[in-house]
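The values are calculated or read from the model by the stated rules, or taken from the named source; none is laboratory data. Owing to the predicted nature of the structure, the values given are computational and were not obtained by experimental measurement. Ideal geometry is used to build each Cβ from the backbone, glycine not excepted, and the neighbour counts take in all protein chains shown.
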Amino acid sequence: DAANFIKEAITNENYKGAYNLATTEPISQGMFIKKIKEKLFPYALIIRIPLFLIRLFLGERSQIINTDVSINVDKLKKEGFIWKFYNFNEVLEKVRT
């Protein structure tokens, strides 16, 4: 999808400004990590680090780790972009094969 977007953005004059490139179904950071573990690294151990330790070591930068970001892909939909992968599970299945 990233390569298709880049090709489309270069060849289509309607693409102007910044675009968010993501799957059409939102996914939280926690679910993102969980899905990667399940599909790609089933024997990996996820270690939860208490938030106060993250704040201690990273200070204000800890907000990057502790905050989920919602990405809006409406601008891409409006341009008529066609996704090959509509959700993160489809992406991981392709990566795994």
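Does at least one position in the stretch 68-89 carry a residue that is assigned to a loop (DSSP other than H, G, I, E, B) and hydroxyl-bearing (Ser, Thr, Tyr)? Quick ask: steps written out before the conclusion?
As a first pass, look at the stretch 68-89 and keep what is assigned to a loop (DSSP other than H, G, I, E, B): 68-73, 80-87.
In the following step, the residues that additionally are hydroxyl-bearing (Ser, Thr, Tyr) were identified as 70, 86.
Within the stretch 68-89, one or more residues are assigned to a loop (DSSP other than H, G, I, E, B) and hydroxyl-bearing (Ser, Thr, Tyr).
Quick check: anything in the stretch 4-16 among the hydroxyl-bearing types (Ser, Thr, Tyr), exposed (fewer than 15 other Cβ atoms within 10 Å of the Cβ) and at pLDDT 85 or above? Don't jump to the end; show me each part of the working.
Of the stretch 4-16, the ones among the hydroxyl-bearing types (Ser, Thr, Tyr) are 11, 15.
Next cut, exposed (fewer than 15 other Cβ atoms within 10 Å of the Cβ) only: 11.
Restricting the remaining residues to those that are at pLDDT 85 or above gives 11.
Yes: the stretch 4-16 contains one or more residues that are among the hydroxyl-bearing types (Ser, Thr, Tyr), exposed (fewer than 15 other Cβ atoms within 10 Å of the Cβ) and at pLDDT 85 or above.
Against the definition (surrounded by 10 or more Cβ atoms within 10 Å (Cβ to Cβ) and either of a type in the set (Asp, Glu) or not in a loop (DSSP other than H, G, I, E, B) (or both)), how does Ile33 come out, yes or no?
On the way: surrounded by 10 or more Cβ atoms within 10 Å (Cβ to Cβ): yes; either of a type in the set (Asp, Glu) or not in a loop (DSSP other than H, G, I, E, B) (or both): yes.
Against the criterion (surrounded by 10 or more Cβ atoms within 10 Å (Cβ to Cβ) and either of a type in the set (Asp, Glu) or not in a loop (DSSP other than H, G, I, E, B) (or both)), Ile33 qualifies.
Can you tell me which residue within the stretch 58-97, out of those that are of a type in the set (Ser, Thr, Tyr) and either at pLDDT 85 or above or surrounded by 11 or more Cβ atoms within 10 Å (Cβ to Cβ) (or both), is farthest from Ala3 (Cα to Cα)? Full working, then the answer.
Here is the first cut: in the stretch 58-97, the residues of a type in the set (Ser, Thr, Tyr) are 62, 67, 70, 86, 97.
Now restrict to residues that are either at pLDDT 85 or above or surrounded by 11 or more Cβ atoms within 10 Å (Cβ to Cβ) (or both): 62, 86.
Numbers: Ser62: 31, Tyr86: 15 Å.
Checking each candidate, the answer is Ser62.
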